[in-house]
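Participant: Below you will find the structure I want to go over with you.
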Amino acid sequence: MIDIENMSSKTVLKEQYKSEDTLKLRKNLHETYSVNPIGFQKWMFDQYPFRAKMKVLELGSGRGELWNYYFEKDALLRYEMDITLSDFSEGMVDFLQNSALGQRMTVKKIDITEIPFEKDTFDLIIANSMLYHVKDIDLALCEVKRVLKQDGLFYCSTMGVNGMIQYLYQALDVLGIPCHHESGISFTLQNGMQILKKQFPKVERRDYEDALAIDKVEDYVDYIYSMASMKGLDQKYYDTLLNYFQSKKVDGYLHIPKEYGMFVAGKA
């Protein structure tokens, strides 16, 4: 039995993000086949209110794509900003420390439920597509609130329940491939507002409109098998999945819904 939403398991989380190559495979699917030309990461980066001398913390930085792709190399000096990149995965931390980003920014291994900084340290805290991995999300958000300045802002992106995962659920059901549906994703566009308001009096939701249009279906099936939470998926189903998704093409493309967005939260 496959549990494809067991996203808060530390075992699954370490497996999902231990390899830079595996993470890149999943990122490439979105970069190659998303129909919105802006791109989710570029859209997110454009939301951040950077200003001179601000202190920034990113939780769950992964390979640091945001900063590699969109942050100008001289911006740190120009704005005199202090930026800390972090991740729970040792593999991602090692990658960041050995990259050019590690020469320009502070890199730390951080568990969001135990952020090793003083109270009221950061002007801006970022957590992209990672809060649904956190088992004790209330404790995590309490920590974020603690290290966020009184006039600081917390930007956290996530997915909705009507996007790619639901689409995959439906396919597995049709094909008779057993998987658990019971354990809901802990932090979504649908429940994020309610969860954040336990800690933050000011919360705003911003949606990003997008979908996938895939002509090479093998890329999508490879993506499915790359997910640590799909580790129990037998290789014998590969051709079954491939043929199923091939049959779902319209005008040469497999169309998969995406539901992504972010919340902006503040203490005042």
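The values are calculated or read from the model by the stated rules, or taken from the named source; none is laboratory data. Computed from a predicted model, the values in this text were never measured in an experiment. As a convention, Cβ positions derive from the backbone with ideal geometry for all residues, glycine included, and neighbour counts pool all protein chains shown. The area values use the complete protein model at the heavy-atom level, side chains included, leaving out ligands, DNA and RNA. Shrake-Rupley method; radii C 1.70, N 1.55, O 1.52, S 1.80 Å.
Participant: Stretched out fully, how many nm does the piece from residue 162 to residue 191 gain, at 0.36 nm a residue minus the Cα gap?
Facilitator: Extra length available between residue 162 and residue 191 comes to 9.2 nm.
Participant: If you take every residue apart from residue 176 with its C-beta less than 15 Å away from the C-beta of residue 176, what net charge results, scoring Lys and Arg +1 and Asp and Glu -1?
Facilitator: After counting each charged neighbour, the total is -2.
Participant: According to the square roots a ≥ b ≥ c of the eigenvalues of the Cα gyration tensor, what is the shape class of region 131-222, taking rounded for a/c under 1.5, prolate for a/b larger than b/c otherwise, and oblate for the remainder?
Facilitator: prolate
Participant: If you count only protein heavy atoms and use a 1.4 Å probe, how large is the accessible surface of residue 31, to the nearest 10 Å²?
Facilitator: Approximately 100 Å² of residue 31 is accessible to the 1.4 Å probe.
Participant: Beyond 26 Å between alpha-carbons counts as too far, so tell me which of 55/198; 42/248; 135/198; 42/108 fall in that bin.
Facilitator: Beyond 26 Å between Cα atoms: 42/248.
Participant: Can you give the relative contact order of region 131-268 as a percent, counting alpha carbon pairs under 8 Å and 6+ residues apart?
Facilitator: Value for region 131-268: 44 percent.
Participant: Heavy-atom accessible area per residue, the chain, 1.4 Å probe: how many Å²?
Facilitator: It amounts to 47 Å² per residue over the chain.
Participant: Count the net charge of all other residues whose Cβ sits under 14 Å from the Cβ of residue 214, scoring Lys and Arg as +1 and Asp and Glu as -1.
Facilitator: Local net charge: -2.
Participant: Shifting gears a bit: Add +1 for every Lys or Arg and -1 for every Asp or Glu among the other residues with Cβ under 15 Å from the Cβ of residue 237, and state the total.
Facilitator: -3
Participant: Here's another thing I want to ask about it. Under a plain spin-label model, where a point goes 7 Å from the Cα along Cα-to-Cβ, how far apart in nm are residue 94 and residue 142?
Facilitator: The modelled label-to-label distance comes out at 3.4 nm.
Participant: For the residue pair residue 50 and residue 240, what label-to-label distance in nm results when each label sits 7 Å from Cα along the Cα-to-beta-carbon direction?
Facilitator: In this crude spin-label approximation the distance works out to 4.8 nm.
Participant: Would you please put 47-55, 151-159, 62-70, 33-41 in order of how densely packed they are, using the mean number of other Cβ atoms within 10 angstrom per residue and starting with the highest?
Facilitator: 151-159, 62-70, 33-41, 47-55
Participant: Remind me, relative contact order of the chain in percent, using alpha carbon pairs under 8 angstrom and six or more residues apart?
Facilitator: 26 percent
Participant: For a 25 Å ceiling on Cα separation, which of these pairs sit above it: 24/119; 24/202; 27/109; 27/145?
Facilitator: The answer is 24/119; 24/202; 27/145.
Participant: For the chain, which whole-number percentage of the solvent-accessible area (1.4 Å probe, protein heavy atoms only) is attributable to carbon and sulfur atoms?
Facilitator: The value for the chain is 48 percent carbon and sulfur by accessible area.
Participant: What does the extension gain come out to for residue 103 and residue 251, with contour length at 0.36 nm per residue minus their alpha carbon separation?
Facilitator: Taking residue 103 through residue 251 to full extension adds about 48.6 nm, to one decimal.
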